[in-house]
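Structure first, commentary second.
The values are calculated or read from the model by the stated rules, or taken from the named source; none is laboratory data. Quick caveat, the model's predicted, so the values are computed rather than measured. Note that each Cβ is placed from the backbone with ideal geometry, even for glycine, and that neighbours are counted across all protein chains shown. For accessibility, only protein heavy atoms count, side chains too; no ligands or nucleic acids. Shrake-Rupley method; radii C 1.70, N 1.55, O 1.52, S 1.80 Å.
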Amino acid sequence: MFYNKDNPQWHFNQEQFLSEEEYDLIVGENIDLAKTMLTSDVRDFGEKIYGVKDLGTVEEQEAKRKKRMLGIIGGAVVFAGLVLALILKQILIFGFVACAVFFAAGISMIVTGKGDIVESSSRARLNRVIGGGMALASLLLVLLMIFRNHFSQAEFFILMAVLVFGIAGLALTIVSILKGFSGKTIYTQEVSATCTGYVRSVSRDETQNHRMVTFINTSPLFSYYYAGVQYEAVWDEFVVKKDSDIALNQTVTIKIDPRHPESILSPVTTHPGVIAFQIIMGLLFVGVAAGLGIYTVSGAAEGLTVETSWNPAIEEINGETEPSVLQITDEMIEQYYSADIGNKEWYFDTVTVAAKNYTSDGQKITFTDDTFISLLSPDGQAPEPGTELMVFYTIDEDYLESGYKYKRIFTTGKPGEVEYVGSHASYEG
């Protein structure tokens, strides 16, 4: 991809091995950038967040901003309609509108070849396959809903799963195969390039324990000539790694797309392990779809009944039932948190949040009871000071004698949303 110096999500330096100071700086700037989204004009989102500026005269730029605003308003109206359809339990309306949205998005990807604001032009073929899958799945789901009276309730839901799993599996398999052969079909030109620095970005993901994990994605910045033109570009796919294997000023051979010379093949694009995993997952999806399809066609699902339960929040809005409370048992805790508990004894208690502070990896909360170790919570999800929490924890023997911060929490719950019905109590010493 072209190196866009104006992209605020890309951080340039010349450190092959990222220092702790630079790491904290990059993560901190990323958090500050996310905060600016709340105060930025939505019409300038592309420029503020991705550094993509509108081209043309002032009048043309203003026309693009107005068109973008109309698109945002339209998207908000569609989203509000989907929410309203769920609240009113108009599932068919929800389904038709959702399919229309995904069908339009799929057709757009097929026509333009674009799937994201910042991406390589060489991804057009992959985007068209993905867009085709989205459009086909949406169309088939609409047909299934139109002819729903030909199926029992159970068959209808199973066939929906068949379509989703089957088309997703096929698309994933085809895309993975295309990526695997992209080094021979797309990135066919080898050139010599010099590493002049490193471009990094930040991504975040949530673990099974609902903790946000920060990743650093890295690409060397290459300078090279092709057909007499100088290019400064980065890999089409960054590597999830904070350090680089290519030294500063090192000259290496890279593979580019001769139709789009700024597009450079990334080592992760054709990595055999990654491609094999994706193909296996795609074939598993197809296998699940085939199994469910055979099960339905054989008539085995005809006599099944489907019990559906609405989201408690929606039930409360409709005034039909009281919000349900999830009951937590000892067996559930020991099954889902066995890795955190290990061979230790675990305990249950209720504590009050004392304060919350922002860190580079999320929000850190402390408790009024200072025997509990502070807890890291994803941004925007930390409970407010004064909130009472149910906590499940083990004892850190190394700090027990100090009598300070020796209780290590491995999961929490909010009273009123969950109820602990097990036999474990608080640590008595």
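A few notes on this one:
- Those helices (runs of 4 or more DSSP H) of the stretch 85-188 in which 2 or more residues are aliphatic (A, V, I, L, M) and open to solvent by 60 Å² or more (accessible area, probe 1.4 Å) occupy 91-112, 124-146, 153-180.
- Pairs with Cβ under 6 Å, 6+ apart, first in the stretch 280-297 and closer than 14 Å to VAL164 by Cβ, second surrounded by fewer than 17 Cβ atoms within 10 Å (Cβ to Cβ): LEU292/ALA161
- Any hit, the stretch 420-427, residues being in contact with a Phe, Trp or Tyr (Cβ under 9 Å, 6 or more places away or on another chain), part of a strand (DSSP E or B) and either in contact (Cβ under 8 Å) with a residue 40 or more places away in the chain or closer than 26 Å to ILE31 by Cβ (or both): yes
- Checking each residue in the stretch 412-429 for being within 20 Å of ARG211 (Cα to Cα) and surrounded by 17 or more Cβ atoms within 10 Å (Cβ to Cβ) picks out THR412, GLY413.
- Summed over the stretch 218-243, residues that are open to solvent by less than 20 Å² (accessible area, probe 1.4 Å) and closer than 30 Å to GLN363 by Cα total 2.
- The single condition among (1) among the hydrophobic types (A, V, I, L, M, F, W, C); (2) modelled with pLDDT of 75 or more; (3) surrounded by 15 or more Cβ atoms within 10 Å (Cβ to Cβ) that PHE12 does not satisfy is (3).
- Test: residue in the stretch 69-80 that is touching a Gly at 6+ places or on another chain (Cβ under 8 Å), open to solvent by less than 40 Å² (accessible area, probe 1.4 Å) and outside any loop (DSSP other than H, G, I, E, B): no
- Test: residue in the stretch 270-285 that is closer than 26 Å to GLU20 by Cα and assigned to a loop (DSSP other than H, G, I, E, B): no
- If you go through the stretch 265-279 and keep only what is open to solvent by less than 70 Å² (accessible area, probe 1.4 Å) and either under 17 Å from VAL240 (Cα atoms) or in contact (Cβ under 8 Å) with a residue 40 or more places away in the chain (or both), you end up with LEU265, SER266, PRO267, VAL268, THR269, THR270, GLY273, VAL274, ILE275, GLN278, ILE279.
- Residue within the stretch 154-161 that is in contact with a Phe, Trp or Tyr (Cβ under 7 Å, 6 or more places away or on another chain) and at pLDDT 90 or above present: no
- Here GLY183 meets each of (1) in contact with a Lys or Arg (Cβ under 7 Å, 6 or more places away or on another chain); (2) closer than 30 Å to ASP32 by Cβ; (3) of a type outside the set (Val, Ile, Thr) with one exception, condition (2).
- Filter pass, LEU178 being touching a residue at least 60 places away in the same chain (Cβ under 8 Å) and among the aliphatic types (A, V, I, L, M): no
- Some residue of the stretch 195-203 being among the β-branched types (Val, Ile, Thr), open to solvent by less than 50 Å² (accessible area, probe 1.4 Å) and farther than 30 Å from GLN363 by Cβ: yes
- The test for being aromatic (Phe, Trp, Tyr), modelled with pLDDT of 90 or more and in contact with a Leu (Cβ under 8 Å, 6 or more places away or on another chain) holds for TYR198.
- A count restricted to the stretch 142-175 and to residues that are over 20 Å from ILE294 (Cβ atoms) and either in contact (Cβ under 8 Å) with a residue 60 or more places away in the chain or touching a Gly at 6+ places or on another chain (Cβ under 9 Å) (or both) stands at 6.
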